[in-house]
Structures are given as structure tokens and as C-alpha cells.
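**Student:** Sharing a structure, written as C-alpha cells. Questions coming.
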Amino acid sequence: MCGVFGVFDHKSAAYLTYLGLHALQHRGQESVGIAVSDGYDINLKLGNGLVTKAIKEEDIKELKGDLAIGHVRYSTSGGSNPKNIQPFFAHFYGGAFAIAHNGNLVNAHELRMFLEKDGAIFRSTSDTEVFIHLIARAKEPPPSHIILHKNDKEFIPHIFEAMKKVKGAYSLVILRERQLIAVRDPYGFRPLVLGKNRTGSYFVASETCALDIVDAEYLRDVNPGEVLVIDDAGLRSYYPFENLEKLAKCIFEYVYFARPDSKIFKDWVYGIRKEMGKNLAKEYKIEADYVVPVLDSGLLAAKGYSEESGIPLEIGLIRNHYVGRSFIQPTQDIRDLSVKLKLNPVRYVVENKRLIVIDDSLVRGTTSRKIINMLKEAGAKEVHLLISSPPVIDSCYYGIDTPTKEELIANKMSIEEIRKYIGADSLHYLSLEGMLKAANKFRQKGFCTACFTSDYPIL
Ligand code: AMP
């Protein structure tokens, strides 16, 4: 997964991008990059690791200009090679552009083979680079239903053509010398929002939490299938696809990925996540003393469960905030250890108590197994594990870092076998209907649920 951010028309564009990326750090911790334009030249700073580690004050000072884009990366395609750090930069007929991408293309390999045969030389292993070559080679006129602004005649049709060739998930920010362009795939897999501050600067970000940090107001989502161009002549929207696909917004963004203080896909993550917990309480009534969230991911579902069931919420696990997400660790041994580094039971709360422990998802089973073991060692009498989403049975090809199908515990074991393996007194998952109902309550429709159902919107 990744996070993208863009600024148009602010004298501190690089610094605001740094802040925006910091707010989106949960979407990727592996690498970070900022590209800035001063109207003539585009300059880049790329680095490994967290935003605050990779980008220094001197870098920001050097990145002069009032337009910028940025990217935080969590590799799901192309591996963690430094060559894959985004934004990518390319010269384009006497000009240049930089591009940053959230999502995964499903036909990147095919397109790459075709482009390579046709003479293209790739410098990375990332699927995003395919966009650069498709943009460079595009020749077709714009679709007949589109009337282009004079500023857009040269470059924008190249984006339309690239969009017609790629398949998969893409929320893009593209920087040109005097233009910021935001693009969202026609299925709308990944979120992308537009904001504006009091002095008239525009911002594009994966989530609204990144608008908050730069004091920008949320205006609207960049729509599925939209190409939004922002320059000195104003804002312009193009929809190159005459018939839009069925929407496939990633439900896992609401379950786990997005920050709860964000609004994505036009609704608040907080409300939907809490509603998932309420629905879990409607589906499973369990007698217990406390509801205990697995922090931070299970907090809101636990709050919802507690409110609906009347069972008090207690913080029976304390999180150490100086440890990154457990998934960042590359091997199973380190992953096992990192759960312990991250969460510690509160004996004062859990001793001799019957607990309902709530987490948002069960993927490999590593986290839950460790947590239940630690809670029992700390004296918990019963531990019932409730998950506020259905069993994850299949991989994601659209940008979420789900392990291979073989590593997914729900793909290998029955619910009863998983219960035994993780050592819980009982184990329950929210039903698919319960999860969708939570989002639908807020008018939401059109989700991709492939990781829970194997029903892939694009094969
Ligand atoms: P596991 O230990 O493999 O069962 O992972 C479950 C834990 O990882 C839960 O606490 C989730 O909040 C979290 N999680 C689920 N999906 C992801 C993901 N794609 N990246 C990082 N963490 C995740």
C-alpha cells in the first residue's frame, strides 16, 4: 500500500508535502519521495524509511517551488529496491513530469513485456513505471466526447490513452512544471481526495488526515475515472471513459488501512469502523467482563461492540508506540517477536476476567496467537476473540499487502481449527453482510471484497 500527496500553488510546497506524507505514514513506511516544481524545473528527493528519517531540513530548503507531489511506499509490487522509490521522473518532449501511484496494476507484466519488445528500457521493477512509457508513447487523439482546455492539449490525452491500456488500481498524482494532475481508476479502488486552504492553494491526498495537517478543507473526492487538472487557469475535470465500470472501492480501507480520523470514499472511517463493531455485537452475544481492543486497529470496533452489548470497554493491552506495524518485519521470527514488542497485557485489568478481545482482521494468525497467549499468562480466565471483518481467504492484487493465499490462515484451516491454533475460548468473525451493512448505513455501495470472497472485480 502507499500514500500520495500533491500541492498546487504554495510557496512552502515541499514542506507541506513533507507534513502531508507524515500524516500518511501509516500507508507506507518503506520509502518516501518528494518532487517539487518551481515552474521550470522538477527536482526530487528520495529516501528510505520513515518520512522524518529520509527527508531532512536541508532537503526541504533545496526543494524550491510552489508545486509538489509526494509518495510514501509500502512495497506490494516490484520489491523494496531503492530504484522503486517514487515519485518517478521522466522527460517528456522538452518538458518533464513526475508521477506517484497508490494501487497495483494487474496487467503491468503483460504491458511491460510488450513495451520492452517495442524498445522501452525500464529503470525499476515497479508497475508504476509502465505509466511513464505508456504516457510517452501515446499517439491517439482524445476521445470524441472530450473538449480539452488549451493548456491540456499536449499532455493530458497521453494520460487518457495510458488509462485505457492499464488495468487495476491506481490513484495517481502527476506533477508537471505548472500543473498538478490527479487521476483515479474507473473502479475507484483506492481513495483520493481534493482539498483547498484559506489562501487558495489546492491539495490532493490519499486521505483527509493529510489535508488536516496542512489546514486545508476537504472539497470532494477525486471521482472514479476522473482526470483532475489543476493549474493557473483553474480546475478542470475530464472523464475519458464513456461508460464507467462497476465501482470497487476497497472495503479493507474501512476495515483496517485508513486512519480513523480520515474521510475516504466520501465517508468517515471512524463511523463505519465503529458500526462494524456494533454489528459484531448483534451477531455474537457473549458473556464477559470486559471488551478489550487490540490497539490501535481494533479500537473502534471494540468501542462499537461495547456500546451495543453494554459490556464495558477496558484497555487490557497497552501499545508501545515506538515499534512499527508488525507487518513491516520481513521474516516470521521477527514478526513473532514484534507482536510482543508492540503489545503488553495490563495484568491489573485482565487478571481473573472473561475478556472479549477485538481486532479488525486475522491474516496469518500470528498477532492473535501471541496476544491470547500473553493474556492467558497474565491471568485472563477466558479470552474470546472477535474479528470485525470476515475471514481473509484470498490475496489482494489491487494494492493491499495480503500475504500469498498459502499463508492466509483462513485459507488453510476451518474456524474451529484456527480457534484451537490461536488458543481462544471462542472465535467469531463478522459476516460479510454485517461488514457491508456497516458501510451501507452511511450510503456506501460498490465495494471490492475480493480478499474475503475471492470475487475479483478485474481478473
Ligand atoms: P496476523 O498476525 O497475520 O493475523 O495479522 C493480523 C494483524 O495485522 C491485525 O492486528 C491487523 O490489524 C493487522 N493487519 C491486517 N492487514 C494488514 C496489512 N495489510 N498490513 C499490515 N497489517 C495488517
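The values are calculated or read from the model by the stated rules, or taken from the named source; none is laboratory data. The structure presented is a predicted model; accordingly, all values stated were derived computationally and were not measured. Here Cβ is always computed from backbone atoms with ideal geometry, including for glycine, and neighbour counts include all displayed protein chains.
**Student:** Would you please list the contacts, defined by Cβ atoms under 7 Å and residues six or more apart or on different chains, that run from a residue in segment 58-76 that is farther than 23 Å from TYR202 by Cβ to a residue that is away from the ligand (no atom under 16 Å from the Cβ) and part of a loop (DSSP other than H, G, I, E, B)?
**Tutor:** ARG73/ILE85; ARG73/GLN86
**Student:** Another question about this same structure. Which residues, taken from segment 354-397, are of a type outside the set (A, V, I, L, M, F, W, C), more than 9 Å from the ligand (Cβ to nearest atom) and part of a helix (DSSP H, G or I)?
**Tutor:** Correct list: ASN373, LYS376, GLU377.
**Student:** If you don't mind, there's one more thing I want to ask. Where residues in segment 336-389 are among the β-branched types (Val, Ile, Thr) and free of Cβ contacts under 8 Å to residues at least 40 places away in the same chain, which of them is surrounded by the most Cβ atoms within 10 Å (Cβ to Cβ)?
**Tutor:** To start, the set of residues in segment 336-389 that are among the β-branched types (Val, Ile, Thr) comprises 339, 346, 349-350, 356-358, 363, 366-367, 371-372, 383, 387.
Next cut, free of Cβ contacts under 8 Å to residues at least 40 places away in the same chain only: 339, 346.
Numbers: VAL339: 20, VAL346: 15.
Filtering segment 336-389 for residues that are among the β-branched types (Val, Ile, Thr) and free of Cβ contacts under 8 Å to residues at least 40 places away in the same chain, the one surrounded by the most Cβ atoms within 10 Å (Cβ to Cβ) comes out as VAL339.
**Student:** May I pose another question? When you look at ARG137, is it surrounded by fewer than 17 Cβ atoms within 10 Å (Cβ to Cβ) and either farther than 20 Å from CYS396 by Cβ or not assigned by TED's automatic domain parsing to the domain that holds GLY47 (or both), yes or no?
**Tutor:** Working: surrounded by fewer than 17 Cβ atoms within 10 Å (Cβ to Cβ): yes; either farther than 20 Å from CYS396 by Cβ or not assigned by TED's automatic domain parsing to the domain that holds GLY47 (or both): yes.
It is true that ARG137 is surrounded by fewer than 17 Cβ atoms within 10 Å (Cβ to Cβ) and either farther than 20 Å from CYS396 by Cβ or not assigned by TED's automatic domain parsing to the domain that holds GLY47 (or both).
**Student:** Given the criterion touching a strand residue (DSSP E or B) at 6+ places or on another chain (Cβ under 9 Å), buried (at least 21 other Cβ atoms within 10 Å of the Cβ) and either among the polar types (S, T, N, Q) or without any contact (Cβ under 8 Å) to a residue 60 or more places away in the chain (or both), identify the matching residue among ALA248, ALA258, ALA302, ALA210.
**Tutor:** Numbers: ALA248 fails: either among the polar types (S, T, N, Q) or without any contact (Cβ under 8 Å) to a residue 60 or more places away in the chain (or both); ALA258 fails: either among the polar types (S, T, N, Q) or without any contact (Cβ under 8 Å) to a residue 60 or more places away in the chain (or both); ALA210 fails: either among the polar types (S, T, N, Q) or without any contact (Cβ under 8 Å) to a residue 60 or more places away in the chain (or both).
Selected residue: ALA302, the only one of ALA248, ALA258, ALA302, ALA210 that is touching a strand residue (DSSP E or B) at 6+ places or on another chain (Cβ under 9 Å), buried (at least 21 other Cβ atoms within 10 Å of the Cβ) and either among the polar types (S, T, N, Q) or without any contact (Cβ under 8 Å) to a residue 60 or more places away in the chain (or both).
**Student:** I need every pair where a residue in segment 392-407 that is closer than 14 Å to TYR170 by Cα has its Cβ under 6 Å from the Cβ of a residue that is at pLDDT 90 or above and within 8 Å of the ligand (Cβ to nearest atom), sequence separation at least 6 or different chains.
**Tutor:** Within 6 Å, the pairs are ILE400/PHE252.
**Student:** Still on this structure, please answer the following. Which one of GLY103, GLY188, GLY200 is at pLDDT 95 or above and more than 26 Å from the chain's Cα centre (by Cα)?
**Tutor:** Values: GLY103 fails: more than 26 Å from the chain's Cα centre (by Cα); GLY188 fails: more than 26 Å from the chain's Cα centre (by Cα).
None of the other options fit; the residue is GLY200.
**Student:** Answer yes or no: is there a residue in segment 176-185 that is within 30 Å of ASP267 (Cβ to Cβ), in a loop (DSSP other than H, G, I, E, B), modelled with pLDDT of 95 or more and not hydrophobic (A, V, I, L, M, F, W, C). Please lay out each step first, then the result.
**Tutor:** Start the filter on segment 176-185 by keeping residues that are within 30 Å of ASP267 (Cβ to Cβ), which leaves 179-185.
Still in the list and also in a loop (DSSP other than H, G, I, E, B): 185.
Filter again for modelled with pLDDT of 95 or more, leaving 185.
Remaining after also requiring not hydrophobic (A, V, I, L, M, F, W, C): 185.
Yes, that holds for at least one residue.
**Student:** Further question on the same structure: If you take the residues in segment 422-455 that are of a type in the set (A, V, I, L, M, F, W, C) and assigned to a loop (DSSP other than H, G, I, E, B), which one is farthest from LYS376 (Cα to Cα)? Before you say what the answer is, go through the steps one by one.
**Tutor:** Within segment 422-455, the subset of a type in the set (A, V, I, L, M, F, W, C) is 422, 424, 427, 430, 432, 435-436, 438-439, 442, 447-448, 450-452.
Of the ones still in play, those that are also assigned to a loop (DSSP other than H, G, I, E, B) are 424, 430, 442.
Values: ALA424: 9, LEU430: 24, PHE442: 38 Å.
Top of the filtered list is PHE442.
**Student:** Right, here's the next one. Among the numbered criteria (1) farther than 23 Å from LYS437 by Cβ; (2) modelled with pLDDT of 95 or more; (3) away from the ligand (no atom under 16 Å from the Cβ), which one does LEU317 miss?
**Tutor:** Condition not satisfied by LEU317: (3).
Yes or no, residue by residue, for (1) among the aliphatic types (A, V, I, L, M); (2) closer than 24 Å to LEU24 by Cβ:
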position	(1), (2)
VAL72	yes, yes
LYS83	no, yes
ALA108	yes, yes
LEU111	yes, no
PHE114	no, no
LYS117	no, no
ILE121	yes, no
ASN151	no, no
ILE159	yes, yes
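**Student:** Of the conditions (1) in a loop (DSSP other than H, G, I, E, B); (2) buried (at least 24 other Cβ atoms within 10 Å of the Cβ), GLY70 satisfies every one except a single condition; which number is it?
**Tutor:** Failed condition: (1).
**Student:** Additional query: Is one or more of the residues making up segment 136-151 free of Cβ contacts under 8 Å to residues at least 40 places away in the same chain, closer than 22 Å to ASN104 by Cα and not in a loop (DSSP other than H, G, I, E, B)?
**Tutor:** At the first step, the residues of segment 136-151 found to be free of Cβ contacts under 8 Å to residues at least 40 places away in the same chain are 137-141, 144, 147, 150.
Filter once more, keeping what is closer than 22 Å to ASN104 by Cα: 137-138.
So of that shortlist, the ones also not in a loop (DSSP other than H, G, I, E, B) come out as 137.
Within segment 136-151 (the criterion being free of Cβ contacts under 8 Å to residues at least 40 places away in the same chain, closer than 22 Å to ASN104 by Cα and not in a loop (DSSP other than H, G, I, E, B)), the answer is yes, since at least one residue qualifies.
**Student:** While we're looking at this one, here's another question. Out of segment 405-421, which residues are surrounded by 15 or more Cβ atoms within 10 Å (Cβ to Cβ) and either touching a Gly at 6+ places or on another chain (Cβ under 8 Å) or outside any helix (DSSP H, G or I) (or both)?
**Tutor:** The answer is LEU408, ILE409, MET413, ILE418, TYR421.
**Student:** In addition: Within segment 398-431, how many residues turn out to be polar (S, T, N, Q) and within 11 Å of the ligand (Cβ to nearest atom)?
**Tutor:** At the first step, the residues of segment 398-431 found to be polar (S, T, N, Q) are 402, 404, 411, 414, 426, 431.
From what is left, the residues that are within 11 Å of the ligand (Cβ to nearest atom) are 402.
Adding up the residues that qualify gives 1.
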